[in-house]
Amino acid sequence: MCSAILRTFYAAFLLANVHSMDIESPLEGRDIKFVQDKYNQYVTLSQQNTRGTDVHQLNKTINIRQTLIDLQKIEAKYLNSAENSDVDVLDSILLTPEFMDLKLLGQHSVRHNITLLKKHINLSPVESPETGANIPQLLGRIWKLSHFKEFRPDDVYCPNQSAAISLLLDTLRENSETGGGCYAGFAGRLACLYLTLINSWMNNKMASPTGFEPVLPP
């Protein structure tokens, strides 16, 4: 009963607050190349280490600090997911059907990692030493990019909104479940998810430039 009420609340919350992105600017070739090259580099590095990628080495290899700066500039040309938002993503994700569908152990892992991340954020919203990421802002961008109406059949990781939200849950869980939990680890994994979602949007935009109807929470 409780889960059903929360699902209903979450659906009503989105319907009351979502708005669509108006995308008028055509994608520039250099932006497409940058995103695709960075994404392919990330996937290659992830696949090279079957034991799990060292997120700190990954941050260094793909120069995640500069990559984030460049991605945000690209995003600003085409999307409005950088708009200010009062939504607390770390609380909102606990209301999603994707979280409700996790087994108790999975839900415990998500809550544990959210607690760890909130402690880092309370000390400083910016992870300065390694990534330079403003984590609340990055979470807001990820949250908005993960909400879209259309089906993306060619996307392995984000074919639909539910898969994108599940990927955010997995990204949070990965920190403690791989023996981590430091701020730079959270920041690097979230930055790579941000890259993944921009790449997903861009590929879908190129495949269907006029049939794209994203829905974004505030």
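What follows draws every value from the coordinates through simple rules; no lab data is involved. Only a predicted model underlies this, so the values are computations on that prediction, with no experimental measurement involved. Cβ: placed from backbone, ideal geometry, glycine included. Neighbour counts: every protein chain shown.
For the cross-link pairs Lys73/Lys119; Lys38/Lys205; Lys60/Lys118; Lys38/Lys77; Lys38/Lys119, which exceed 20 Å when the distance is taken from alpha carbon to alpha carbon?
Numbers: Lys73/Lys119 29 Å; Lys38/Lys205 18 Å; Lys60/Lys118 24 Å; Lys38/Lys77 18 Å; Lys38/Lys119 30 Å.
Pairs exceeding 20 Å: Lys73/Lys119; Lys60/Lys118; Lys38/Lys119.
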Given backbone amide H placed at 1.01 Å from N, residues whose amide H is under 5 Å from that of Ala133, ignoring those fewer than 5 places away on the same chain, are Glu127
Put a dot 7 Å past each Cα toward the Cβ at Gln137 and Leu105; how far apart are the dots in nm?
-> 3.9 nm
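If you take the beta carbon distance between Asp91 and Ala163 as r and set R0 to 25 Å, what does 1/(1 + (r/R0)^6) give as a FRET efficiency, to the nearest 0.05?
Numbers: r = 22 Å, r/R0 = 0.86.
Efficiency, from the Cβ-Cβ distance: 0.70.
Extension gain Gln66-Glu28, at 0.36 nm per residue separation less the Cα-Cα distance, in nm?
11.7 nm
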Relative to the present Cα-Cα distance, how much length would full extension add between Ala76 and Asp37 at 0.36 nm per residue of separation?
-> 12.1 nm
Select from Met206, Gln72, Phe151 the residue farthest towards the positive end of the dipole of segment 28-207; place +1 on Cβ of Lys and Arg, -1 on Cβ of Asp and Glu, and compute about the Cα centre.
-> Gln72
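What percentage of all Cα-Cα pairs in segment 28-207 are separated by more than 24 Å? Could the numbers behind the result be given before it?
Details: 5374 of 16110 pairs.
Across segment 28-207, Cα pairs with separations above 24 Å total 33 percent.
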